[in-house]
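Visitor: The structure under discussion is supplied below as structure tokens; questions concerning it will follow.
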């Protein structure tokens, strides 16, 4: 192997690989990246066996070849280099030579044969989604996946096809941890082919989100029996699916509401942040006292003291007192694309609260209230 | 107690206190700040018993009084508030009321009597130093204090008075950890009165460095038997001294040198950073091969590989091969005020290396070489 590559391009390749390779692994090769020099491109493969990224970067190849090298050291070296072009070459004794300006490194490497063989199947049918849409639906839902790996059916992200009011097909991504639920939708083309009893794992979707750079780039999403592939012209990400049946979440969605509250989003966010300081005990709970023209928030901590604040609100329906985990609302406000207003639709004190954003028919959030003493 | 204070001013007060109060302390009161409202100012006292800050901030006092409140919660609350003025008041039941805009907090407090009594003595004689100079000499020396608390005599910073070449008096701050030494000097006025067998502790000087905001503000430094005071018009910091006799460091300073090397500072720094990646084993050691027109740096890691790089250098004297702990040079380059060049003065391979910066007769650094295999 002997090649010249743009330093920025290589840095991008290794930055992407960092999120995937395992730092502390019993299989040494999994802390490495596989480098394959072929026909005008360097292919960089990174994997933790569940998630595999195969991506191509333009390079001037003097001699084809393959080898693996420890990902983190390689990244550190390339980051510290100062000239625009990097020369990579295999030395005789299982080392990768890295030469740039007056600096030369020889890094311990392993032969390509020691890199694990990874099943990489694109799936026969695929759908296409815009990069920006793909990133958005992940950001707007991933935060409410259950982090408890034993919650079978909740420990991953559900995908399904729905039809928008205008009749166009949409891809809906849904997550829940049992106390809250989020969904967000994006237009797609092609055929939806994900198995009903399969979920997408959190780490895989985090990687997809990181990999989307150009919002207008087209991504193809394909499914084989146990994995999904996310591909663009230059990269392919394979994600092992999680087995599990997502709950019948539509049953949780209330069919109507007797109360509707409109809040200024930024003002609501600021007051939640203030009340959160005193709501660190007991599941971050606070009292929500919905009045005709304002929402009064209050929280008490036995050790620290108490807090009370309010935010202007337009309430349709009768006043209501209930309790919520503040961080559920803060997560929504932090992750959902910017807007001026936020709308809460509620029934009685212990009914689920629906959170909507005006002008957005493509996302919806449900927050379960808490019983306060 | 009842007062109104500018939020920014209060935030500044509590930010300063954060560095001093103990988070996890067996004495509950030490995680608190003492608030004393009196005659047009709020006095905020923070202490870990070894270091005490007493600082005054302008405030509109409606009713004088004192109480203590947990420092971190108080800081979090003030940081989250949105209006420019904060109303602080004692409630009947041992709470501090905090009111700002539509938000109101009541935070658990302790009566002022429960706050520890702290000896605060200014010292009868004092010297005066410019804030900017004080900060500079701390930054240029603090990094080479021994972090080993059992190294009696090395686990603190030494101060002494010296006379500059132009005959003016200077305050010299000196630190060493046994493998390297740093000193830096600043002009002063008044009388130097620190005891010979006393050292300034690291945490105290870190606080002084943080407290210097205006480089032109005058700082008075006074000494009593077991403590030092650092004071400006609005604040007083009391620092308990560390007992210990600083070594006779002048004996370590070589009286002459047979080799002198001039390096571009930025280029040297960049190459040290590169070589450091492969010098993570064995005390961060690297080989320094001084040649007529360049310095060749090389390092080997059994597990990772090896690295070689070079930087242009002007050498007076014979070529020399020796070894150094790279991080000692990186610390110096990171902490010492900017300059274009760096000068190394050396004797033989195992003689101490003197590091100077052209145009700076007020600081000097010594780095001991390492024996390489």
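The values are calculated or read from the model by the stated rules, or taken from the named source; none is laboratory data. Since we're looking at a predicted model, the values are computed, not measured. A quick note on method: Cβ atoms are made from the backbone with ideal geometry, for glycine too, and the neighbour counts reach across all protein chains shown.
Visitor: Do the conditions hold for residue A:157, that is, is it farther than 20 Å from residue A:19 by Cα and more than 14 Å from every other protein chain (Cβ to nearest Cβ)?
Guide: No: the conditions fail for residue A:157.
Visitor: Going by what's in this entry, would residue A:289 be described as within 14 Å of chain B (Cβ to nearest Cβ) and assigned to a strand (DSSP E or B)?
Guide: Yes: the conditions hold for residue A:289.
Visitor: Let me ask another. May I ask you to list the residues in region B:92-108 that are without any contact (Cβ under 8 Å) to a residue 24 or more places away in the chain and within 7 Å of another protein chain (Cβ to nearest Cβ)?
Guide: Listed by number, the residues that qualify are B:95, B:102, B:103, B:104, B:106.
Visitor: Continuing with the same structure: Taking residue B:268, is it farther than 30 Å from residue A:80 by Cα and surrounded by 14 or more Cβ atoms within 10 Å (Cβ to Cβ)?
Guide: Considered against the rule, which asks whether it is farther than 30 Å from residue A:80 by Cα and surrounded by 14 or more Cβ atoms within 10 Å (Cβ to Cβ), residue B:268 comes out as no.
Visitor: Going by the structure shown, is residue B:92 loosely packed, with under 15 Cβ neighbours inside 10 Å, modelled with pLDDT under 95 and not assigned by TED's automatic domain parsing to the domain that holds residue B:232?
Guide: Taking the combined requirement at face value, the residue satisfies it.
Visitor: For residues that are more than 18 Å from residue A:258 (Cα to Cα), in a strand (DSSP E or B) and in contact with a helix residue (DSSP H, G or I) (Cβ under 7 Å, 6 or more places away or on another chain), tally how many sit in region A:333-373.
Guide: Summing the residues that are more than 18 Å from residue A:258 (Cα to Cα), in a strand (DSSP E or B) and in contact with a helix residue (DSSP H, G or I) (Cβ under 7 Å, 6 or more places away or on another chain) in region A:333-373 gives 2.
Visitor: What tally of residues in region B:40-91 results from selecting those that are free of Cβ contacts under 8 Å to residues at least 60 places away in the same chain, within 14 Å of chain A (Cβ to nearest Cβ) and over 29 Å from residue B:227 (Cβ atoms)?
Guide: Of the residues in region B:40-91, 6 are free of Cβ contacts under 8 Å to residues at least 60 places away in the same chain, within 14 Å of chain A (Cβ to nearest Cβ) and over 29 Å from residue B:227 (Cβ atoms).
Visitor: Failed condition for residue A:181, given (1) more than 15 Å from the chain's Cα centre (by Cα); (2) surrounded by fewer than 20 Cβ atoms within 10 Å (Cβ to Cβ), with all others met?
Guide: Tallying (1) more than 15 Å from the chain's Cα centre (by Cα); (2) surrounded by fewer than 20 Cβ atoms within 10 Å (Cβ to Cβ), residue A:181 fails exactly one: (2).
Visitor: Let me ask something else. Given A:149, A:104, which one is more than 28 Å from residue A:215 (Cβ to Cβ), out of contact with any helix residue (DSSP H, G or I) (no Cβ under 8 Å at 6 or more places or on another chain), modelled with pLDDT of 95 or more and not assigned by TED's automatic domain parsing to the domain that holds residue A:283?
Guide: The conditions single out A:104.
Visitor: Does region B:294-311 contain any residue that is over 24 Å from the mean Cα position of the chain (by Cα), away from every other protein chain (no Cβ under 13 Å) and either at pLDDT 95 or above or assigned to a strand (DSSP E or B) (or both)?
Guide: Scanning region B:294-311 turns up no residue that is over 24 Å from the mean Cα position of the chain (by Cα), away from every other protein chain (no Cβ under 13 Å) and either at pLDDT 95 or above or assigned to a strand (DSSP E or B) (or both).
Visitor: Which residue pairs have Cβ atoms closer than 8 Å, lie 6 or more positions apart in sequence or on different chains, and pair a first residue in region A:10-29 that is outside the structural domain of residue A:67 (by TED's automatic domain parsing) with a second residue that is in a loop (DSSP other than H, G, I, E, B)?
Guide: none
Visitor: Name the residue, out of B:250, B:330, that is in a helix (DSSP H, G or I), touching a helix residue (DSSP H, G or I) at 6+ places or on another chain (Cβ under 9 Å) and either surrounded by fewer than 16 Cβ atoms within 10 Å (Cβ to Cβ) or within 14 Å of chain A (Cβ to nearest Cβ) (or both).
Guide: B:330
Visitor: If you don't mind, another one. Out of A:166, A:177, which single residue is in contact with a helix residue (DSSP H, G or I) (Cβ under 6 Å, 6 or more places away or on another chain) and assigned by TED's automatic domain parsing to the domain that holds residue A:230?
Guide: A:177
Visitor: If you don't mind, another one. Kindly provide the set of residues from region A:108-135 that are under 15 Å from residue A:208 (Cβ atoms) and at pLDDT 90 or above, ordered by number.
Guide: Hits for region A:108-135 are A:127, A:128, A:129, A:130, A:131, A:132, A:133, A:134, A:135.
Visitor: Separate question: Got a sec? Which of A:34, A:30, A:88 is touching a strand residue (DSSP E or B) at 6+ places or on another chain (Cβ under 7 Å) and under 26 Å from residue B:275 (Cβ atoms)?
Guide: Within the list A:34, A:30, A:88, the selection yields A:88.
Visitor: If you go through region B:131-169, how many residues are surrounded by fewer than 18 Cβ atoms within 10 Å (Cβ to Cβ) and in a strand (DSSP E or B)?
Guide: Of the residues in that region, 5 qualify.
Visitor: I need every pair where a residue in region B:267-279 that is more than 7 Å from chain A (Cβ to nearest Cβ) and touching a residue at least 24 places away in the same chain (Cβ under 8 Å) has its Cβ under 8 Å from the Cβ of a residue that is assigned to a helix (DSSP H, G or I) and surrounded by 22 or more Cβ atoms within 10 Å (Cβ to Cβ), sequence separation at least 6 or different chains.
Guide: B:268/B:329; B:272/B:326; B:272/B:329; B:275/B:326; B:276/B:326; B:279/B:326
Visitor: Further question: Tally the residues that are more than 24 Å from residue A:367 (Cβ to Cβ) and free of Cβ contacts under 8 Å to residues at least 60 places away in the same chain, restricting the search to region A:158-214.
Guide: 12
Visitor: Condition (residue is touching a residue at least 24 places away in the same chain (Cβ under 8 Å), within 14 Å of chain A (Cβ to nearest Cβ) and in contact with a strand residue (DSSP E or B) (Cβ under 6 Å, 6 or more places away or on another chain)) applied to region B:109-125: is it met by at least one residue?
Guide: Yes, because at least one residue in region B:109-125 is touching a residue at least 24 places away in the same chain (Cβ under 8 Å), within 14 Å of chain A (Cβ to nearest Cβ) and in contact with a strand residue (DSSP E or B) (Cβ under 6 Å, 6 or more places away or on another chain).
Visitor: Within region A:3-11, is there a residue that is within 20 Å of residue A:238 (Cα to Cα) and surrounded by fewer than 22 Cβ atoms within 10 Å (Cβ to Cβ)?
Guide: No, every residue in region A:3-11 fails to be within 20 Å of residue A:238 (Cα to Cα) and surrounded by fewer than 22 Cβ atoms within 10 Å (Cβ to Cβ).
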